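The structure under discussion appears below in the form of structure tokens.
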Amino acid sequence: MLTSIVVLFTLAQAPTASPAAPAPQRPSQASPAAQSTPKRASNETYPAEQVRAGATMFAAQCGFCHGRDATGGQTGPDLTRSTLVAEDARGDKIIPVVRTGRPDKGMPPFNLSDADLAALVAFIHDQQIKAESQQGGRRAVDESDLQTGDARAGQAFFNGAGGCARCHSPSGDLADVAARLKGLELLQRMLYPSGRGGARTPAKATVTLASGQAITGRLAYRDEFLIAIKDAEGWQRSWRTSDVKVTIDDPLEAHAALLPKYTDTDMHNVLAYLQTLRQAVKP
Amino acid sequence: MTRSALSLLFCASIAAVHAQGLDPAMLLKAAPDSWPTYHGDYTGQRHSKLTQITPDNVRQLTLSWAFQTGQAAQIKASPILVNGIIYVTTPDNMWAIDARSGRQIWRYTHPKNEGFHIGHRGAAIYKDFVYLTTPDARLVALDARDGKVRWNVEIEDARRGFWSTMAPLVVRNHLIVGVSGDFDNLPGTLKSFDPETGKVQWTFYSTPPPGTAGAISGGATGGQMWITGTYDPELNLVYVGTGNPTPVLNGPVRPGDNPWTCSILALNPDTGTLAWGFQASPHDTHDWDAAEVPVLIDAPFNGQPRKLLLQASRNGYFFVLDRTTGKNLLTTPFAAANWAQEIDKDGRPVPDPAKEPARDGRLVAPNEGGGTNYRSPSFDPKTGTLIVSAVDGYGIYFFKEEHGDYGWAGADYGVYSKGFLRAIDYQTGKLRWQHDIGSGSGAGVLTTDSGLTFTGDSTGNLLALRTSDGTTLWHSAIGGVGNGPITYELDGRQFMVVGGGGVLYSFALPEQPRSTQSSR
């Protein structure tokens, strides 16, 4: 029955919706919590009254996803560690996101007055300023928390039971993975690379028409009734699934298949092994 | 005039006044031209006896009307329908809509407030009162005719972190209302209000505050009852599920099972006293509410006719209980779950301490969203299956002492999830079929006696499936579907009404041309 998984790829920093259909209520699959607080572009401070108004507004409208203190909730990332917030100056980056939402990641658009938006921006920046001076005691995962594995055992799992070596190479695609990705982000992408940081590894779809013509491209969208690919020229093309034969080549399926098999020890061991891969080895 | 004549006259005048309202006795047998409560009736089965729309003609289903809320907020509510008027809600809003045309009769907007605006489950109606719970944890009684405020009372103090999304449950002259509040350590609180005056009749604590008689929760707070319960009039018991304990991910600070968090409870609606409790997740540390709908069916189990309660719970397990006694009859997983060591003699999954959130992270199924969530399942009596929106998901869960012991007190991140609609045999827990609905949660479910199942997938398609095997018969891409559709018959025509994004849609079979009708 029926259909195989819909694979949605989104880039965390992409300001526009992915070509995939909006997926309401889907939790963001990645969190920037592994990052330390990014360096702020602006030293602006905000009046206490505006921050207070923003706190109220934030709690009501944003808190359920981003946490009442903006440090992240069940479906929304920690904004105090957000690069976008750090790069924002008086709302130039935050306000467009609030107004248009990020439908690809389940964030709805918000229709707020300019004063409310300004207060929100003030509160979010104030929380980020506080976060810079207050690293302890927060709901965060630090790189130092993730050092419990055995790299040698992880290497054995990588080459053996885990089957990682079938697609990955410590001297190839993963040669400098520990230099590119750290802490929680490395762990998350190791478990299931849902698109944050690093290169995207999109699934390919081959659509065979009734005429026998086969078209291959990056999988752009799939549900039970529709298949869409991005073709070589960048056009999205779609067909009714009932009219065509579809083959999906999704390298990430191996990651999903591993999730029920990992023990926590395996997981920490493979992470420890990946953390040793810091240098690109040039052939 | 004699006394009896007087009282007769009095009764007659009451009947006249409330002729267009809802007599709560009607809830015992909901009429086909109504959907008078959140679940449609007291059982929570969300199964309709209507058969005009069938597997053979469902492909002709067509749009009757669409009502634009004009809101960005998705409609997650179940609408209710009484006397040809639909009442539908989003946070801070209620609309009364003509069920024949989709035209607005009135709209109530709650004053701007600081509460959580996460979602809203729906309205409740009693006589000519209609009720809205609010993000600032208030209960507002409106005149069902024009939306004017009759009264507005506090359920709990929103400044402490309470909010409410719940569709109240009406049982005779009780209006039973729950709250939410996961970001603060708050006692699990359910209240019964007088539906006419708004006065509190009783308060039940699932986690009695320290110092209260029967403080049994082992230091845990939480256990909020945020989904509308069900009711057995013969036993006079209301069934509610309770939410997770707080602090949420910090287990060590609240040792023991933490009753009655993550539990299914039976309460006397007249007094709020606990008849029995069953804990679906003892000592939960993963935010797995057992608040999901406790579905009531009268059906054989192992050859014996029984009063049963079914719940597909957020922790990934399906439970069958005897609802008279609370005794467990069946516990079996219906979604990916790797957190339990065993099932104990009372039918409770025993949590594996190795899967408690830890400093270096634990890979746990389900993820925080759970094996299922607020989306109501449906029980189809003909096939004997509970049809539920299920997710196989994995998350990583962290807790370290530095996270403290207040509110969330930890961190967790979804890694991967895949959604299915699953048909669970209520006697064995085995899956009869499953239907792939994409990479996340689907929607609530409605079944009908003609053998149809209506639901939504995770990409915004409304689906009609054949209940016996899950085959797709019809679909329409209407946008994100929250809870399941409702159905009713008006003017001889069966309608199916469902929220897609911020729009409420009504579908029906095409109208017969008038000439055809008159020539019949």
Taking a straight Cα-to-Cα line shorter than 12 Å from B:Lys327, and setting aside same-chain aspartates and glutamates fewer than 8 residues away, one finds B:Asp346
Here, B:Arg103 and A:Lys245, labelled 7 Å along Cα→Cβ, have an inter-label distance in nm of 5.5 nm
Given Cβ charges of +1 for Lys and Arg and -1 for Asp and Glu, the option among B:Pro210, B:Ser180, A:Ala115 whose Cα lies farthest towards the positive end of the dipole of the protein assembly as shown is A:Ala115
Proxy exposure order for B:Met26, B:Met225 (fewest C-beta within 10 Å first) is B:Met26, B:Met225
Treating only Lys and Arg (+1) and Asp and Glu (-1) as charged, each at its beta carbon, one finds that region A:32-132 has a dipole about its Cα centre, in Debye to the nearest 20, of 200 debye
Net charge near B:Arg348 (other residues with Cβ under 14 Å of its Cβ; Lys, Arg +1; Asp, Glu -1) is -4
From the Cα centre of region B:398-415 to that of region B:32-106, the distance in Å is 40 Å
From fewest to most C-beta neighbours within 10 Å, the residues B:Cys262, A:Cys62 line up as A:Cys62, B:Cys262
Any residue on another chain or 5+ positions along whose placed amide H is under 5 Å from the amide H of B:Trp276 is listed here as B:Ala266
Applying the gyration tensor rule to the Cα atoms of region A:32-132 (axes a ≥ b ≥ c; rounded if a/c under 1.5, else prolate if a/b exceeds b/c, else oblate), the class is rounded
With a 27 Å threshold on alpha-carbon distance, the violating pairs from B:Lys148/B:Lys191; A:Lys261/B:Lys76; B:Lys29/B:Lys307; A:Lys105/B:Lys76; B:Lys76/B:Lys307 are A:Lys261/B:Lys76; B:Lys76/B:Lys307
What the 10 Å binned alpha carbon P(r) of the protein assembly as shown shows, as percent of pairs per bin from 0, is 3, 13, 23, 27, 20, 10, 3, 1, 0, 0, 0
Reduced to Cα centres, the span from region B:181-248 to region B:121-150 in Å works out to 21 Å
Taking Cα pairs closer than 8 Å and at least 6 residues apart, the relative contact order of region A:32-132 in percent is 36 percent
The alpha-carbon center of region A:134-189 and that of region A:256-278 are separated, in whole Å, by 7 Å
With A:Arg278 itself left out, Lys, Arg at +1 and Asp, Glu at -1 over residues whose Cβ is under 12 Å from its Cβ give +1
Non-local residues with an amide H under 5 Å from the amide H of B:Trp474, with H modelled 1.01 Å from N and Pro and chain starts lacking one, are B:Ala464
Here the tail fraction of P(r) beyond 18 Å, over all Cα-Cα pairs of region B:385-520, rounds in percent to 64 percent
Asserting the computed 222 nm helical MRE of chain B (DSSP H runs at least 4 long, -39500 (n - 2.57) per run, divided by residue count, to nearest 500) equals -1000 deg cm²/dmol
Each label sits 7 Å from Cα toward the beta-carbon; between B:Asp449 and B:Thr212 the label points are separated, in nm, by 4.3 nm
Expected integer from the mean partner chain Cβ neighbour count at 10 Å over B:173-183 is 1
Per residue of B:412-423, other chain Cβ atoms within 10 Å number on average 6
Checking rank on B:240-246, B:193-199, with mean other Cβ inside 10 Å and highest first, the result is B:240-246, B:193-199
Between B:Ala167 and residues 5 or more places away or on another chain, the pairs with built amide H atoms under 5 Å apart involve B:Arg121, B:Gly122, B:Thr228
When A:Thr247, B:Thr447 are arranged by how many other beta-carbons sit within 10 Å of their Cβ, fewest first, they go A:Thr247, B:Thr447
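Here, each number is a calculation from the coordinates, and none is a lab measurement. Keep in mind the model is a prediction, meaning the values are calculated, not measured. With ideal geometry, Cβ positions are generated from the backbone for all residues, glycine too; neighbour counts draw on all protein chains shown.
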